[in-house]
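Inspection log for the structure reproduced underneath, given as structure tokens.
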Amino acid sequence: MNENFFADYKKFIVTPVDEKQNGKEVFDPKNYASHYILTLSIFNSRISTWEEATKYDIDVDKSIKTVLKEFNLKQHERYHLQLLELDKSKNYFVVALSSKTKFETKEENDRISFIVDKMLTNPFYVGQGWFNLIGEKGRVARKLFNYSFKKYAIDNQYHSKVDGKFENIGEFIPKNGEIKLVKNL
């Protein structure tokens, strides 16, 4: 074989895309068609507050952030999850789910159920050891979360409601774009 056959191999090097780097785009709500607020609590829970999870060697805050980060890296082309509320003295947490495709009203429940029960449960259940937080009934059913959701819709951001009437706040902003703080005396 000719030793110089692969002499120009450097032209053919293609560096593999790291999965962890793929999907590091910044979350922009305008890129998503629908948004939901999900409240999740532990099914058949053995704890009454998140503080009690330390008995099972689980750092809830770190655990949730890890799973959401991995979810967002894998699902960046379809979904985005963002932690909105985690109070250690409560037994639930709140996340925002954004989808690039709009869910039809009749399919919302099925799609969100799939995301929670299939896409989120396993990383929490096995990956983060949350199986310790549920009782026997939860283990048999292999169900980790109870959840509720509500569609999140923002009214027009450029309008405010004053005395029951919507006014365009754009008319209060000077044409030069400067907004000054006026102190009332």
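Reported count of residues in segment 49-82, each being surrounded by 15 or more Cβ atoms within 10 Å (Cβ to Cβ) and outside any helix (DSSP H, G or I), is 6.
I'd like the residue in segment 97-153 that is acidic (Asp, Glu) and not in a loop (DSSP other than H, G, I, E, B) and, out of all such residues, is nearest to the chain's Cα centre (by Cα). So the residue we want is 117. Going through (1) touching an Asp or Glu at 6+ places or on another chain (Cβ under 8 Å); (2) modelled with pLDDT of 85 or more; (3) within 26 Å of residue 62 (Cβ to Cβ) one by one, residue 75 falls short only on (1). The one condition from (1) surrounded by 12 or more Cβ atoms within 10 Å (Cβ to Cβ); (2) at pLDDT below 85; (3) within 24 Å of residue 66 (Cβ to Cβ); (4) not charged (D, E, K, R) that residue 159 does not meet is (3).
Mind checking whether some residue in segment 33-47 is in a loop (DSSP other than H, G, I, E, B), out of contact with any strand residue (DSSP E or B) (no Cβ under 8 Å at 6 or more places or on another chain) and at pLDDT below 90? Taking every residue of segment 33-47 in turn, at least one turns out to be in a loop (DSSP other than H, G, I, E, B), out of contact with any strand residue (DSSP E or B) (no Cβ under 8 Å at 6 or more places or on another chain) and at pLDDT below 90. For residue 96, are the conditions met, namely being in contact with a Leu (Cβ under 7 Å, 6 or more places away or on another chain) and either surrounded by fewer than 16 Cβ atoms within 10 Å (Cβ to Cβ) or touching a residue at least 24 places away in the same chain (Cβ under 8 Å) (or both)? So residue 96 passes the test. Hey, among 94, 26, which residue is within 15 Å of the chain's Cα centre (by Cα) and at pLDDT 85 or above? Result: 94 is the single residue among 94, 26 that is within 15 Å of the chain's Cα centre (by Cα) and at pLDDT 85 or above.
Residue 105 fulfils the conditions (1) of a type in the set (S, T, N, Q); (2) crowded, with 17+ Cβ neighbours inside 10 Å; (3) at pLDDT below 90 except for a single criterion, (2).
I'm trying to understand the selection: among the residues of segment 70-89, which are in contact with a strand residue (DSSP E or B) (Cβ under 9 Å, 6 or more places away or on another chain) and not aliphatic (A, V, I, L, M)? Don't jump to the end; show me each part of the working.
Just the residues of segment 70-89 that are in contact with a strand residue (DSSP E or B) (Cβ under 9 Å, 6 or more places away or on another chain), to begin with: 71-72, 75, 78-87.
Residues satisfying the conditions are 71, 72, 75, 78, 79, 80, 82, 85, 87.
All conditions but one from (1) surrounded by fewer than 17 Cβ atoms within 10 Å (Cβ to Cβ); (2) more than 20 Å from residue 146 (Cα to Cα) apply to residue 89; the one that does not is (2).
The values are calculated or read from the model by the stated rules, or taken from the named source; none is laboratory data. Since this is a predicted model, take the numbers as computed values, not measurements. Cβ coordinates were reconstructed from backbone atoms using ideal geometry, including for glycine residues, and neighbour counts include every protein chain displayed.
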